[in-house]
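Novice: Once you've had a glance at the structure underneath, I'll fire off some questions.
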Amino acid sequence: MIGSNEILETIGMISAQHLDVRCITLGLSLFDCIRESGKATADKIYDKITHFAKDLVITGDKIAAIYGIPVVNKRVSVSPCSLIGASSGGFVEIAHALERAANETGIDFIGGYTALVHKGMTDYEQRFIMSIPEVLSITSKVCASVNIASTRAGINMDAIGLMGRIFKETAYLTRDKDSIGCAKLVAFANAVEDNPFMAGAFHGVGEADNVINVGVSGPGVVKAALELVDGDLTEIAECVKRTAFKVTRAGQLVAKAASEMLGAKFGIVDLSLAPTPVIGDSVAWILEEMGLEKVGCCGTTAALALLNDAVKKGGIMASSHVGGLSGAFIPVSEDIGMINAVVEGALTLSKLEAMTAVCSVGLDMIAIPGDTDEAVISAIIADEAAIGVVNNKTTAVRVIPAYGKVAGDFVEYGGLLGRAPVMEISKYSPAKFIKRGGRIPAPLHSNKN
Amino acid sequence: MKAFITVIGKDRVGIIAGVSTLLAEQKVNIEDISQTILQDNFTMIMRVDTAECALALDELAKKLTEKGESLGVVITIRHEDIFNAMHRI
């Protein structure tokens with residue numbers, strides 16, 4: 001029999017500490033939607049998504065009511081659209097179909113406008129990538145991602161060179177909304193195929209059809225638990241593990257319930273600490289609770305490494321299948337503690353880059369000056385890719401070269417995307433390095449066979 | 001279905017009566033009740049069985065929320081699985 005203190009603990013986590021299920025993401029394969037023309041393919045895609053996802057939102061709401069835990073986002077991820085439109089070439093028509101299906105089903109975002117070019121780019125993938133700025137400017141729910149490196153293949157510098165331009169063009173085409181298109185665009189190294197979180201979610205080619213992946217959250221819960229710990233860092237790690245276990249168990253319950261109610265397969269639980277701009281839901285504040293005066297000071301990387309590892313260890317036993325990104329996210333615009341640290345000068349871009357070596361993703365939701373050269377953006381992506389490839393982990397870049405803005409300005413998106421201070425960036429040029437192109441060879445330790 | 005109802009708020013006459021009357025009307029059986037005062041707040045936890053209740057849990061939750069508003073307390077109901085999941089291996 002559950003005790004009163006356990007019941008009240010759960011209720012406190014949900015009502016006071018913002019414990020929620022961040023997203024239920026339905027993964028759909030679109031390979032059976034490929035037709036000869038772009039229009040026929042797009043029509044089939046629309047039909048499939050609206051059929052399988054028609055009850056996704058209502059199911060999420062029903063689960064929230066039954067278990068009394070908020071289910072914040074309901075999303076769909078689809079097979080990489082660069083492959084789905086490879087033959088017909090109707091990429092923009094496909095994007096329109098994704099947007100219409102997202103609106104029809106009432107979901108928050110749809111991910112999978114994706115290309116996987118970590119080793120090389122085909123002609124159709126190049127055309128696909130060139131369509132991304134337009135697609136992100138004419139849709140509001142479609143999310144795009146491009147995998148430009150992997151530990152096994154190395155780093156595709158030709159693709160990275162192109163992506164610098166794509167970020168700039170996307171920023172320009174969505175300049176009337178603080179370049180918001182870039183908030184829906186991710187460049188990945190070692191992208192995972194079952195990530196439920198946006199903007200980087202896509203449904204991998206090795207996945208089954210009609211799969212539920214769930215992302216849990218709970219930075220506020222971890223922070224509150226740590227407030228009661230007056231011990232050393234081993235005790236801190238133990239406390240994070242215990243808390244992550246409980247949070248992930250809630251996610252596993254929701255994932256199983258959602259897959260049963262929707263007649264879908266249960267995929268994975270992604271046990272990530274994903275902050276929101278709400279007060280008290282900050283990863284930065286967890287690090288400060290550990291004893292840092294301000295996130296970004298010396299010691300931040302060590303504290304984040306402890307956190308990221310303990311979250312994984314605590315969560316991994318709580319779910320039958322752990323996947324996705326699973327760890328601590330450090331998106332600047334979505335975390336009130338990170339925003340404050342940047343504004344106060346405590347947190348710099350170079351410290352954030354170091355932090356990405358030990359967190360679960362990368363340079364995320366970072367606004368940089370609008371006049372940043374495209375080669376600089378490519379070089380940021382290359383740096384992150386190097387960290388991911390060498391450390392055998394996922395890294396991502398979601399930077400916003402905010403059109404017309406300079407360091408110290410703000411971009412404002414509201415909602416979960418929050419607001420970001422435009423950060424200083426090195427003025428020295430990597431253009432010659434980026435222009436060389438080619439492929440940085442895979443590291444020695446990738447040859448494991 | 002087994003569920004836990006929590007009632008949290010300022011103590012006053014008629015809270016238990018109000019909640020239990022609603023539950024009786026909806027054929028929800030109360031299996032266990034505990035109550036305490038936590039940080040000046042009246043806190044009641046009920047374990048209930050909704051097997052005979054004609055309403056779905058989300059509809060019952062709505063009625064309990066409305067009852068809570070009229071009594072000046074916060075009433076929630078949750079399927080017991082959420083607590084078992086988080087606190088039992």
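Novice: With a ≥ b ≥ c the root eigenvalues of the C-alpha gyration tensor of the range A:301-449, is it rounded (a/c under 1.5), prolate (a/b larger than b/c) or oblate?
Specialist: Numbers: a/c = 2.21, a/b = 1.16, b/c = 1.90.
Oblate.
Novice: Between the range B:1-71 and the range A:386-449, how far is it from one alpha carbon centroid to the other, in angstrom?
Specialist: Answer, in whole Å: 52.
Novice: Where does the Debye-calculated log10 I(q)/I(0) of the protein assembly as shown sit at q = 0.07, 0.12 Å⁻¹, using only Cα point scatterers of equal weight, no solvent?
Specialist: Relative scattering, expressed as log10 I(q)/I(0), comes to -0.41, -1.11.
Novice: Taking Cα centroids, how far is the range A:330-346 from the range A:272-293 in Å?
Specialist: Cα centroid of the range A:330-346 versus Cα centroid of the range A:272-293: 10 Å apart.
Novice: Using a Gaussian network model on chain A with a 10 Å cutoff between Cα atoms, which of A:Gly388, A:Gly362, A:Gly89 fluctuates the most?
Specialist: A:Gly89
Novice: Calculated from DSSP H runs of 4 or more alone, at -39500 (n - 2.57) each and per residue, what is the 222 nm mean residue ellipticity of chain A, nearest 500?
Specialist: So the helix-based figure for chain A works out to -13500 deg cm²/dmol.
Novice: Further question on the same structure: Give me the net charge for the shell around A:Phe202: Cβ to Cβ below 10 angstrom, other residues only, Lys and Arg +1, Asp and Glu -1. Display every interim value, and only then the final one.
Specialist: Values: positive: none; negative: A:Glu193, A:Asp194, A:Glu207.
Taking every Cβ under 10 Å from that of A:Phe202, the sum is -3.
Novice: Ok, one more. Within 13 Å, Cβ to Cβ, of A:Asp373, how many net charges do the neighbouring residues add up to if Lys/Arg are +1 and Asp/Glu are -1?
Specialist: Working: positive: A:Arg165, A:Lys168, A:Lys427, A:Lys432, A:Lys435; negative: A:Asp371, A:Glu374.
Summing Lys/Arg as +1 and Asp/Glu as -1 gives +3.
Novice: Taking springs between alpha-carbon atoms closer than 10 angstrom, which of A:Ala341, A:Ala328, A:Ala171 fluctuates most in the Gaussian network model of chain A?
Specialist: A:Ala341
Novice: Something else: Sort all Cα-Cα distances of the range A:20-189 into consecutive 5 angstrom bins from zero, then give the percent of pairs in each bin up to the one containing the longest distance.
Specialist: 2, 9, 17, 19, 19, 15, 11, 5, 2, 1, 0
Novice: Follow-up question, since we're still on this one. Based on alpha-carbon atoms only, what is the radius of gyration of the range B:2-87 relative to the globular estimate 2.2 N^0.38 Å?
Specialist: Cα-based Rg divided by the globular estimate yields 1.03.
Novice: Now, a different point. What per residue convex hull volume, in Å³, comes out for the range A:246-331 when only alpha-carbon positions are used?
Specialist: Numbers: hull volume 8.9 nm³, N = 86.
Spelled out: Cα convex hull of the range A:246-331, divided by residues, is 104 Å³.
Novice: How high is the relative contact order of the range A:101-144, in percent, counting Cα pairs under 8 Å that sit 6 or more residues apart?
Specialist: 52
Novice: Taking a ≥ b ≥ c as the square roots of the eigenvalues of the Cα gyration tensor of the range A:59-147, is the shape rounded (a/c under 1.5), prolate (a/b larger than b/c) or oblate?
Specialist: It is prolate, given that a/c is not under 1.5 and a/b is the larger ratio.
Novice: Another one. Got a sec? How would A:Tyr67, A:Tyr413, A:Tyr172 order by Cβ neighbour count within 10 Å, fewest to most?
Specialist: Ordered by Cβ neighbours within 10 Å, fewest first: A:Tyr172, A:Tyr413, A:Tyr67.
Novice: Using DSSP to call loops (not H, G, I, E or B), can you name the trypsin sites (Lys or Arg not before Pro) in the range A:30-111 whose Cβ has at most 10 other Cβ atoms within 10 angstrom? Walk me through the numbers before you get to the answer.
Specialist: Details: sites: A:Arg35, A:Lys39, A:Lys44, A:Lys48, A:Lys54, A:Lys62, A:Lys74, A:Arg75, A:Arg100; in loops: A:Arg35, A:Lys54.
Sites meeting the loop and neighbour criteria: none at all.
Novice: What is the local net charge at A:Ala346, summed over the other residues whose Cβ is closer than 13 Å to its Cβ (Lys, Arg +1; Asp, Glu -1)?
Specialist: -1
Novice: Continuing with the same structure: Taking H as built 1.01 Å from N, whose amide H comes closer than 5 Å to the amide H of A:Ser145, not counting residues under 5 places away?
Specialist: For A:Ser145, whose amide H was placed from the backbone, the distant partners under 5 Å are A:Gly112, A:Tyr113, A:Thr114, A:Ala115, A:Val186.
Each reported figure results from applying straightforward, stated rules to the coordinates on display, with no laboratory input. Remember, it's a predicted structure, so these values are computed and weren't measured experimentally. Reconstructed Cβ throughout: ideal geometry from the backbone, glycine too, with neighbour counts over all protein chains shown.
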